[in-house]
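Input: a single structure, listed below in structure tokens.
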Amino acid sequence: MDVTLYIINRAAFSSCYHTLLFLGFYHAHMQVQEIKLFKTFFLLSDAYDSLHFLVWRESDKSLTLLAKDYEPCQVFATGMISRGGAMAFVCHDDRQNLSFLQYAPTDAAARGGNKLVCRADYHLGTQTTTLNSHWAQSSLLFNSCTMTSSLAALKQQDTLFGRLEDDNRFAVNYGSTDGSFGSIVPLSEPTYWRLTALQSVMSNALESNCALSHRAWRLYRRSTRRAGCRTNDRKKGVIDGDIVMKFVDLPLPEQEDLASSIGSTVGLVMDNLLELGCAASVV
């Protein structure tokens with residue numbers, strides 16, 4: 001099915017009625033599942049052929065395709081996460097996977113810039129139909145009754161607040177068809193590697209249900225469609241919050257043993273988990 005995407009603008013011709021002005025169009029050879037907007041950029045999700053990333057050019061009133069994902073994928077939901085100036089697209093497919101794609105024209109894997117590069121993948125294990133973005137708030141503001149005034153006071157007290165990348169993060173939340181609710185939060189590199197090491201040691205130290213492997217469960221599930229297994233490498237790069245959050249409920253001696261095994265302290269790990277929990281919460 002071919003879909004034509006029209007760009008229109010509302011303008012007032014009189015005080016009693018309004019009309020829509022035709023500005024431009026883009027003929028998409030796809031069945032558009034969902035449209036995400038960010039400034040002048042468009043993210044189209046295809047029901048059969050993954051994501052298309054477009055930009056609106058005001059100079060010639062046109063929509064231009066910047067890059068797309070060439071892997072066959074039946075997209076159910078899409079979202080955007082960002083940390084500082086870096087942005088990534090989250091794609092949820094029919095195999096209950098999450099793929100994190102990024103527009104990186106200078107990357108060698110981008111085929112000259114016209115391919116979205118996969119940065120990470122994760123098997124969610126549940127089906128969702130929407131991914132909604134929200135601001136990942138700091139733990140300093142989480143328990144504030146009046147967040148607006150508290151944020152203004154915090155900026156006056158700390159002049160560097162708001163300039164760091166962790167202060168400008170947007171996460172996505174989702175509700176699954178089985179009634180669960182979750183959130184996907186971008187992390188800084190030191191926090192990511194610390195929690196990755198913690199996840200690794202906890203997967204080996206703690207008992208799992210029915211002696212099943214956490215790592216095998218979270219591996220990306222390949223598509224059954226033709227040409228769906230062209231790339232056999234899995235990017236991973238996602239921390240399982242169900243595992244690392246169990247660290248909070250462990251006895252103190254076990255927490256100290258796990259923290260020392262990754263070269264960290266219990267206080268530092270708890271601070272990272274607190275910041276992660278506050279950033280994942282939706283107010």
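The values are calculated or read from the model by the stated rules, or taken from the named source; none is laboratory data. Since this is a predicted model, take the numbers as computed values, not measurements. Glycine gets a Cβ as well: all are built from the backbone with ideal geometry, and neighbour counts include every protein chain shown. What goes into the accessible areas is simple: the full protein's heavy atoms, side chains included, and nothing from ligands, DNA or RNA. Shrake-Rupley method; radii C 1.70, N 1.55, O 1.52, S 1.80 Å.
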Practice task
Please work out how much accessible surface R234 shows to a 1.4 Å probe, ignoring ligands, DNA and RNA, in Å² rounded to 10.
Solution key: 100
Handout entry: trypsin sites (Lys or Arg not before Pro) lying in DSSP loop within the range 18-111, provided at most 14 other Cβ fall within 10 Å
Key = K39, K61
Practice task
Sort D167, D60 by accessible area with a 1.4 Å probe, largest first.
Solution key: D60, D167
Completion exercise
For the range 32-147, inverting the pair-averaged 1/r of distinct alpha-carbon atoms gives a Kirkwood value in Å of 15.3
Completion exercise
Using a 1.4 Å probe on heavy atoms of the protein chains only, the accessible area for E71 in Å², nearest 10, reads 40
Handout entry: Amide proton proximity set for Y48, modelled H, under 5 Å, gap of 5+
Key = Q31, V75
Problem - In Å², nearest 10: area of F25 left accessible to a 1.4 Å probe - result: 120
Problem - Whichever lysines have a C-alpha closer than 30 Å to that of K61, once near sequence neighbours (fewer than 8 apart) are set aside - result: K36, K39, K115
